[in-house]
């Protein structure tokens with residue numbers, strides 16, 4: 001069982017996934033900082049509030065923190081846009097797989113039909 005676990009961990013897909021998760025977490029921290037420190041103050045100039053996370057709607061004893069939700073939506077949109085740009089860039093940089101230009105092997109029926117056509121052409125001459 002330990003041997004199987006080692007083989008599983010050593011596979012390339014698992015390592016790639018681990019690297020992706022780590023880089024994604026670091027990237028999320030950068031985007032959160034971008035939203036909190038640059039975008040929110042910029043939007044706050046137009047809306048009048050510097051930090052959306054302070055926006056709360058209180059109904060009775062319930063507190064609806066819609067400002068934090070707005071921050072999360074902004075984070076998601078930025079991350080989705082950056083991932084879109086990265087995928088678009090990778091598609092341009094990576095070569096496309098070569099398409100096969102060879103014709104498929106003819107089937108037995110096609111071979112026989114070709115022979116018949118050639119025989120008929122000989123008989124016409």
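Readers should treat all values here as calculations from the given coordinates under stated rules, not as data from a laboratory. Nothing here was measured: the structure is a model prediction, and the numbers come from that model. Quick reminder, even Gly has a Cβ in these numbers, built from the backbone with ideal geometry, and neighbours come from all protein chains shown.
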- [ ] Output the peptides 111-124, 61-74 sorted from most to least packed, where packing is the average of other Cβ atoms within 10 Å over each peptide's residues.
- [x] 61-74, 111-124
- [ ] Please give the helix 108-124 orientation as an angle from the longest Cα principal axis of the chain, in degrees from 0 to 90, rounded to the nearest 10.
- [x] 40
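So what is the relative contact order of the chain, in percent, for Cα pairs below 8 Å that sit 6 or more residues apart?
Numbers: 53 pairs, mean separation 16.3, N = 125.
Computed value for the chain: 13 percent relative contact order.
Per 0.36 nm of contour for each residue apart, how much would the distance between residue 117 and residue 16 grow if the chain were fully extended, relative to their Cα-Cα spacing? Present the calculation step by step, with values, prior to reporting the outcome.
On the way: separation 101, 0.36 × 101 = 36.36 nm, distance 5.61 nm.
Extra length available between residue 117 and residue 16 comes to 30.8 nm.
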Task: C-alpha long axis of helix 66-93 to longest principal axis of the chain, angle in ° - done: 30
